[in-house]
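Since the structure comes first, as structure tokens, the remarks are kept for the end.
The values are calculated or read from the model by the stated rules, or taken from the named source; none is laboratory data. In this text, all values refer to a predicted model and were calculated from it rather than measured experimentally. Methodologically, a virtual Cβ is constructed for each residue, glycine included, from the backbone with ideal geometry; neighbour enumeration extends over all protein chains shown. Side chains included, ligands, DNA and RNA excluded: accessible areas come from the protein's heavy atoms. Shrake-Rupley method; radii C 1.70, N 1.55, O 1.52, S 1.80 Å.
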Amino acid sequence: MPELPEVEVTRRGISPHVAGQRITRADVRVPALRWPVPPGLDALLRGQTLRRVERRGKYLLLGCDQGWLLVHLGMTGTLRVLSDVTALPAAGKHDHVDLVFERCILRYRDPRRFGAVLWHPATAGDVLHHPLLSTLGVEPFSDDFSGALLHARTRGRSVAIKQALLAGDIVVGVGNIYASETLFRAGIHPRAAAGRISRARYDRLAQAIREILAAAIDKGGSTLRDFVGSDGQSGYFQLDYFVYDRTGKPCRVCETPIRHIVQGQRSTFYCPRCQR
DNA sequence: AAGGTAACCTGACTGC
DNA sequence: TGCAGTCAGGTTACCT
């Protein structure tokens with residue numbers, strides 16, 4: 001799944017159901033995620049109240065009385081709220097963790113197990129200082145994010161702009177789909193050296209990132225087959241992509257066939273005429 | 001320090 | 001129908 005829009009949609013979807021609710025227990029059926037789910041999580045969480053659901057990049061931060069549960073959805077993770085306690089679906093093969101509340105269950109599913117469920121105790125300090133969060137770039141919707149920032153942070157770097165966006169240490173939340181889409185919107189070639197892109201073009205790119213991510217959030221997150229809404233229903237409809245997964249199809253602006261290349265082992269799609 | 005690559009894992013799809 | 005090969009929305013760890 002999940003680029004920033006899907007994570008944000010998940011946050012908004014689950015928050016009203018679980019914020020303020022007391023955790024009855026945690027069922028960890030498969031602890032072997034990207035990193036092991038901490039042993040003893042059940043005993044740790046029992047009786048704590050989940051206070052709020054925040055997001056940093058693609059991480060969901062579940063603020064509890066004694067610390068934070070960090071949840072990353074990896075490539076195929078989903079979080080769903082099961083609220084019909086009278087007809088709870090049995091846990092499937094890939095339903096690895098349940099947080100059980102008095103009136104609902106928050107179920108973590110992740111077929112590929114690239115995701116993570118970790119615990120950061122309040123005694124360990126600010127959760128944003130967690131090693132996985134401390135190196136993250138700025139939030140695309142924060143006041144700190146701008147063309148000026150992109151420009152400043154890429155000076156002297158020869159890396160391709162597509163890979164610089166994806167790396168997440170300058171700006172978070174732009175995954176493989178939206179990297180291609182935002183570069184198309186800004187008219188920038190994905191192989192352009194990040195350090196040689198002008199300030200004016202970075203202004204366009206920053207605006208494209210904000211607009212496209214916001215549009216995707218508004219539509220309920222774009223989705224591939226794995227994404228399931230937080231209420232257990234699939235069927236979010238995705239944005240109409242301009243370039244992603246459209247190899248050989250005519251550009252929606254100029255009709256030139258869309259091209260596919262590989263950068264850093266990831267697919268990139270672009271229009272050779274609109275993007276220079 | 002920056003840049004490139006391998007690795008984690010399962011499922012869907014394609015072609016023979 | 002089966003099997004092998006390829007690809008998939010992410011990110012860290014390790015190498016040069």
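I need the full set of residues from the range A:221-236 which are modelled with pLDDT of 50 or more and over 17 Å from the mean Cα position of the chain (by Cα), in order please.
Residues satisfying the conditions are A:Asp231, A:Gly232.
May I ask you to list pairs of residues, at least six apart or on different chains, whose Cβ atoms are under 6 Å apart, with the first in the range A:59-79 being touching a residue at least 60 places away in the same chain (Cβ under 8 Å) and within 13 Å of DNA strand B (Cβ to nearest atom) and the second being of a type in the set (Asp, Glu) and open to solvent by 10 Å² or more (accessible area, probe 1.4 Å)?
A:Thr76/A:Asp226
Among the residues of the range A:29-49, is there at least one that is out of contact with any Pro (no Cβ under 6 Å at 6 or more places or on another chain), assigned to a strand (DSSP E or B) and open to solvent by 40 Å² or more (accessible area, probe 1.4 Å)?
Yes, because at least one residue in the range A:29-49 is out of contact with any Pro (no Cβ under 6 Å at 6 or more places or on another chain), assigned to a strand (DSSP E or B) and open to solvent by 40 Å² or more (accessible area, probe 1.4 Å).
Is there any pair linking a residue in the range A:147-162 that is open to solvent by 80 Å² or more (accessible area, probe 1.4 Å) and away from DNA strand C (no atom under 16 Å from the Cβ) to one that is modelled with pLDDT under 95 and of a type in the set (A, V, I, L, M, F, W, C), with Cβ under 7 Å and at least six apart or on different chains, and which?
Final answer for the pair search is none.
For the range A:59-82: of the residues being assigned to a loop (DSSP other than H, G, I, E, B) and among the small types (Gly, Ala, Ser), which is most open to solvent (accessible area, probe 1.4 Å)?
So, considering only residues that are assigned to a loop (DSSP other than H, G, I, E, B) and among the small types (Gly, Ala, Ser), the one most open to solvent (accessible area, probe 1.4 Å) is A:Gly74.
Can you tell me which residue within the range A:1-28, out of those that are of a type in the set (Lys, Arg) and assigned to a strand (DSSP E or B), is farthest from DNA strand B (Cβ to nearest atom)?
The qualifying residue farthest from DNA strand B (Cβ to nearest atom) is A:Arg22.
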